[in-house]
Amino acid sequence: QVQLVESGGGLVQPGGSLRLSCAASGSISSIYVMSWYRQAPGKQRELVANINSAGTTTYSSSVKGRFAISRDNAKNTVYLQMFSLKPEDTAVYLCNRKQSSMDYWGKGTLVTVSS
């Protein structure tokens, strides 16, 4: 089993920045993909960004150039640095880890972008 705990959400003004963290613990594999998803009220969950164990990253078109995903393998932690936040970025952000054919989810952290 793998446990994921997100942190770093909160209220931020449009144009502001925020950094989310996702710490993994438990039966950690060295082969993985870690992703950030988000779900806004009344909308489907969408993939925001991911990073694999080789360090390859991908981003959705809606956040490319504004968000950056990174990792600290020593801490088993993945980060999502968010810049130039917009009201439409408001959502619950969820961390996901895929390893050994299993899918693990955190409980999410709320990001609200509002003046």
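All of the numbers you see were taken from the coordinates with simple rules; none came from a lab. The shown structure was predicted, so the numbers you read here are calculated from the model rather than taken from an experiment. Glycine gets a Cβ as well: all are built from the backbone with ideal geometry, and neighbour counts include every protein chain shown.
Given the stretch 74-115, what whole percent of its Cα pairs are spread farther than 14 Å?
Working: 513 of 861 pairs.
Looking at the stretch 74-115, the distances longer than 14 Å represent 60 percent of pairs.
Taking max minus min of the alpha-carbon positions on each principal axis, the stretch 4-95 gives extents of 36, 24, 22 Å, largest first. Extension gain for the segment residue 28 to residue 74, taken as residue separation times 0.36 nm less the Cα-Cα distance, is 15.4 nm to one decimal. Reported to the nearest whole Å, the Cα centre-to-centre distance from the stretch 1-27 to the stretch 54-89 is 11.
Ratio of alpha-carbon Rg to the 2.2 N^0.38 Å globular estimate for the stretch 1-43, to two decimals, please. Walk me through the numbers on the way to the answer.
Working: Rg = 13.8 Å, N = 43, 2.2 N^0.38 = 9.2 Å.
Rounded to two decimals, the normalised Rg is 1.50.
Of the peptides 24-35, 82-93, the order by per-residue mean of other Cβ atoms within 10 Å, starting with the highest, comes out as 82-93, 24-35.
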